[in-house]
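The values are calculated or read from the model by the stated rules, or taken from the named source; none is laboratory data. In this text, all values refer to a predicted model and were calculated from it rather than measured experimentally. Cβ atoms come from the backbone with ideal geometry, glycine included; neighbour counts cover every protein chain shown. Ligands, DNA and RNA are stripped out before the accessible areas are found, and what is left, the full protein with its side chains, is counted by its heavy atoms. Shrake-Rupley method; radii C 1.70, N 1.55, O 1.52, S 1.80 Å.
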Amino acid sequence: MAAIHTLGELRQSGRHSRPVKQEIRDNLVRKLQAGEPLFPGIIGYDETVIPQLVNAILSRHNFILLGLRGQAKSRILRGLVDLLDAQIPVVPGCEIHDDPLAPLCASCRTRVATEGDEMPIAWLPREARFVEKLATPDVTIADMVGDIDPIKAAQAGLNLADELTMHYGLLPRANRGIFAVNELPDLAGKIQVGLFNILQEGDVQIKGYPIRLKLDVMLVFTANPEDYTARGKIITPLKDRIGSEIRTHYPATRGNAMAITKQEAWTDRSGALPVDVPEYVREVVEEVAFQARADRKIDKRSGVSQRLPITTLELVVSNAERRALANKESVVVPRVTDVYAALPSITGKFELEYEGELRGAEQVARDLIRSAVGNVFSGMFDGVDTRTVVEWFDLGGSLPLSDTTPASAVVTETRNVQGLRDLADQAGLAKGASAPLVAAAIDFVLEGLTAQKKISRSDERGYAAAEAAPRRQPRRDEPMIDEEIRIPGSKKKYYN
Ligand SMILES: [Zn+2]
């Protein structure tokens, strides 16, 4: 293809352009026949989203991905670029990437007529054929479709076929490519009508002037499912033109979720100290997101993005890196307690329900981490006898450890706690594991027992015996009534 430089050569080559949806379909068919991987980097969708996506593309549909935030919707749309031809011939300089063999705009048609076979052609790479727009209520027809200068238009006495005075918007610039609109319901109704007209009729009115634009675009969208189905958010004729609605979802298993986070999180800090993240730390980080998605204090409608565990793991590694650098350790091994240092990456990633707001984002996040630790620990230490260790604390022992304690100190200071090292070994320690790895395993056991409320942890004393179950004696100045005030007929235990 690179050998073709003029319109004449292009004509002789016998190559002709296909509509973009046909081109994408053809390339998908070829990939399927060759058994090539589709949408590399998209994990956990092999049996759900990908087959529906393939069907939509085979059907040459415009489609919409419906899902909550952080479900790889934008990533899938960007992945469509791989299904375009590596490059296509265009009229050089044309803003709407006109096909030299069938130009739309007046100036290209004039060029073809006057220059003929001598007209040079350019090759447009596939990456330049993907246009993306985040819909917001203030997006205008001028942004989307384009604008004209009405005075110029009036002076020139323009008719339908004339677009010489037009300033093109995003959609025409996506001609012969893919146009992705994220969060479609946020687009004003008027703009949706404009999109629909272009799709359906190939023309649109701008400032009262009819403009003809027979564009060739694959339209793809994303939306939050509730916004999309809400009555009146999407104009019916546009909805009608969207061939497929495909639902995305959060990872179904912790394993899938860990694989995504492993792929996306920046944990290999090349050039600095080597990083070794224990598997149980990865599990806890992931479990925080699973807990958050199921927590009634957190708004289900907006969801909890996969970016929560990704950024959390990055901060967890950074906290461990900071400790390793301060203590001159040679390897960075994150601990479960480092997850608490990752609160800044957690609190902003969810919207709270009223009940959550009462508790506060930070406390909600701490609760999530604690139950995540408890869950992972219970899974790994199911049926394991932890009594010896718990007794050591019940007999008055305490361990003043924190997330800044050097690994060697964690190991020496816990040496006298009978049975603790044995438990730590069960967290998957290899024989002769380095001090930072041993310290992390010990930390995991202590945090696990804390989450199970068998021992306690406070800033002042570190780890200590569990606080005795509160058998609270009412103080004299306090009325002797139930702590919780029950409101008749209401399940809620608070006033609102
Ligand atoms: Zn043109």
If DNA, RNA and ligands are ignored and the probe is 1.4 Å, what is the ranking of Asp117, Asp227, Asp98 by accessible area, most exposed first?
Asp117, Asp227, Asp98
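Among the listed pairs Lys133/Lys190; Lys300/Lys454; Lys73/Lys262; Lys73/Lys239; Lys73/Lys133, which have their C-alpha atoms separated by more than 22 angstrom in this model?
Numbers: Lys133/Lys190 17 Å; Lys300/Lys454 32 Å; Lys73/Lys262 19 Å; Lys73/Lys239 19 Å; Lys73/Lys133 13 Å.
Over 22 Å Cα-Cα: Lys300/Lys454.
In percent, how large is the relative contact order of region 238-365, given Cα pairs closer than 8 Å and 6 or more residues apart? Show your work: numbers first, answer last.
Working: 143 pairs, mean separation 35.3, N = 128.
Relative contact order, region 238-365: 28 percent.
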Acute angle (nearest 10 degrees) that the helix 307-326 long axis makes with the longest principal axis of the chain, alpha-carbon atoms:
50 degrees
Sequence-distant or interchain residues sharing an amide H contact under 5 Å with Glu132, placed H: which?
Ala180
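Sort 332-343, 272-283 by packing, meaning the average of other beta carbons within 10 Å per residue, with the highest value first.
On the way: 332-343: 25.6, 272-283: 18.4.
Going from most to least packed, we get 332-343, 272-283.
Quick check on the chain: helices-only [θ] at 222 nm, where DSSP H runs of length 4 and up contribute -39,500 (n - 2.57) each and the sum goes over total residues. Nearest 500, please. Walk me through the numbers before you get to the answer.
Working: 21 runs with 202 residues, N = 496.
The helix contribution divided over the chain gives -12000 deg cm²/dmol.
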Below 8 Å between Cα atoms, with a sequence gap of 6+, how large is the relative contact order for the chain in percent?
13 percent
Taking only the alpha-carbon atoms of region 1-77, what semi-axes of the equivalent ellipsoid follow from 5 times the gyration tensor eigenvalues under a square root, in whole Å, largest first?
32, 14, 12
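With the Cα gyration tensor of region 53-128 in hand, give its eigenvalues times 5 under a square root as the equivalent ellipsoid semi-axes, listed largest first in whole angstrom. List each step's numbers first, then the result.
Details: eigenvalues 235, 30, 26 Å².
Its equivalent ellipsoid spans semi-axes of 34, 12, 11 Å.
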Any chance you could give the angle, 0 to 90 degrees and rounded to 10, that helix 189-200 forms with the longest Cα principal axis of the chain?
50 degrees
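Compute the relative contact order of region 167-221 as a whole-number percentage, counting only Cα pairs closer than 8 Å that sit 6 or more residues apart in sequence.
49 percent
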How much of the accessible area of the chain, probe 1.4 Å, is carbon plus sulfur, in whole percent?
50 percent
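By average Cβ neighbour count within 10 Å, what is the ranking of 64-77, 242-255, 182-195 from highest down?
Details: 64-77: 21.0, 242-255: 16.6, 182-195: 19.4.
Listed from highest to lowest mean packing, they are 64-77, 182-195, 242-255.
Please identify every one of the GluC sites (Glu not before Pro) in region 1-77 that sits in a loop by DSSP and has no more than 15 other beta carbons within 10 Å of its own beta carbon.
Working: sites: Glu9, Glu23, Glu47; in loops: Glu47.
Hits after loop and neighbour filter: Glu47.
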In sequence order, calculated HN-Hα J values of region 79-90 (Karplus, 6.51, -1.76, 1.60; Hz; x Gly/Pro):
x, 4, 4, 4, 8, 7, 4, 4, 7, 10, x, 9
With every protein chain present, what is the per residue accessible area of the chain (1.4 Å probe, Å²)?
50 Å²
Which three lengths, in whole Å and largest first, does region 347-434 cover when its Cα atoms are put on their principal axes?
47, 30, 29
Under Stokes-Einstein, with the Kirkwood radius over Cα pairs standing in for Rh, what whole-number D in µm²/s applies to region 32-94 at 25 °C and 0.890 mPa s?
180 µm²/s
Dividing the convex hull volume of the Cα atoms of the chain by its residue count, what figure in Å³ per residue is obtained?
228 Å³
If one takes the longest principal axis of the Cα atoms in the chain, at what angle in degrees, from 0 to 90 and to the nearest 10, does the Cα axis of helix 254-264 lie?
60 degrees
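Over 23 Å, how big is the tail of the calculated P(r) for region 16-149, in percent of all Cα pairs?
Details: 4302 of 8911 pairs.
Considering region 16-149, 48 percent of its Cα-Cα pairs are separated by more than 23 Å.
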